[in-house]
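This report refers to the structure that appears directly beneath it.
The numbers here are math on the coordinates, done by the rules we state, and not lab data. Because the structure is predicted, anything quoted here is derived from the model rather than measured. All Cβ positions, even for glycine, are placed from backbone atoms using ideal geometry, and neighbour counts span all protein chains on display.
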Amino acid sequence: MNTHGFKQRILPLQPAMQRMAEALLHDEAMAEDAVQDAVVDLWMQRDKLDKVLNIEAYGITLVKRRCIDLLRRRHPTQPIDEAALLQTQLPPDDTEERYQQARRLIDRLPDQQRDALLLKYEEAKSNQQIAEQLHTTPNNIGVILHRALQTLKKQMQNPINH
Amino acid sequence: MRDDFSHIDSELQPLLEVLRHHGDNRRRQEALASKIDQLDVSAKRHRWIWIGSTVAAVGLILVLIFPLQKETSKHPSMGLVAESNFTKEMVQQSVQESSPTASITTTKHPSRSHALIETDDQQDAILADTIALPLAIEVASALQLAEAAVPLEAPQTTQVFIRESTRLVAKSSNSSTRKSKELPITFLAMSSANEGDEFPNSITIKDFKL
């Protein structure tokens, strides 16, 4: 499997792998590390991956094993029920649906409010960075964001009128 | 820059969490893609290092196998004189033409091969005067020197050995005095002198010194 093929097959698995890791570790940063380790493991085995029938299940199992390793390292003295952890089911995912709903509300905002809101909460940028990008001042960004949130709140409270 | 949303109305928090979650996942995927690119570059680099080391190792082995070729480059004054093929039969014929009493026989040896040139008397040591072929001249020349170094008491034998696959030496020994002398024959590069063979049927001489 070449690099392009690997990315195409493995990167879409990241959200599920992250979800599983967070369910086992209850720690977002550690879960991220576990997923990255699992992807490196997959990369090492890339020549054999074409033979794997269910690549998602394979990737999830690898993540579980990395999580168990991390838990052992974090709590070396505590016994770990490895079998139970390996049986953990992937939590259901409705994030994409919820994201689309949120975007429907946000896309109704004026352009500047929508852009500022997405840059702030989706892109995790600071007011200063947003101001540079939207060619205004950080103070003005604060005002724009405040208005955007107020409008969103009204839309959510009274969706029919909006 | 992560916002904790604590200052925002609780009604809006789930919506903003969804945005944040979506953004985080996209950034994680970008980080993973970057990591894969790094791994790819690293794997390619390792492949080239492996190829480079293999080529270097093969080169080193070639240099070790053909040390005499290396020597030629160190001593260009020796000069390239001729490139000829000599066979055992050609040498044998030349030796016999120049000295009817001389003979070349080949014998097998467990660890090395050698050609045995048996001489009955000192006259055979002047083979170099009459043999035309450069290989025979060189052999005879080395034989002369080797024999001169050992007291000439019959029976005397002088052998040509192949050393280290490619190097020829003339060894003269006297069974009664148990003395021997070994001198190199200064062919600088020869092929087809395989360990375990008899005297090579074909010796390619690229350079030699008279």
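If each residue's Cβ is checked for other Cβ atoms within 10 Å, how do A:Ser126, B:Ser42 rank with the fewest at the top? Numbers along the way, then the final one.
Values: A:Ser126 14, B:Ser42 10.
Ascending number of Cβ neighbours within 10 Å: B:Ser42, A:Ser126.
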Residues of region A:105-133 with amide N under 15 Å of a point placed 7 Å along Cα→Cβ from A:Val143:
A:112-113, A:131
Using only the alpha-carbon atoms, what does region B:13-65 span along each of its principal axes? Please give whole angstrom values in decreasing order.
76, 8, 5
Region A:95-157 pair-distance distribution - Cα-Cα, 5 Å bins, rounded %
4, 19, 30, 24, 14, 7, 2
Counting every Cα pair in chain A, what percent are over 23 Å apart?
57 percent
Charge sum, other residues only, whose C-beta stays under 15 Å from A:Arg72's C-beta, Lys/Arg counted +1 and Asp/Glu -1:
-1
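What translational diffusion coefficient, in µm²/s and rounded to a whole number, does the Stokes-Einstein relation yield for region A:3-87 at 25 °C and a viscosity of 0.890 mPa s, taking the hydrodynamic radius as the Kirkwood radius over Cα pairs? Please report the intermediate quantities before stating the final value.
On the way: Rh = 13.1 Å.
Answer from the Stokes-Einstein relation: 187 µm²/s.
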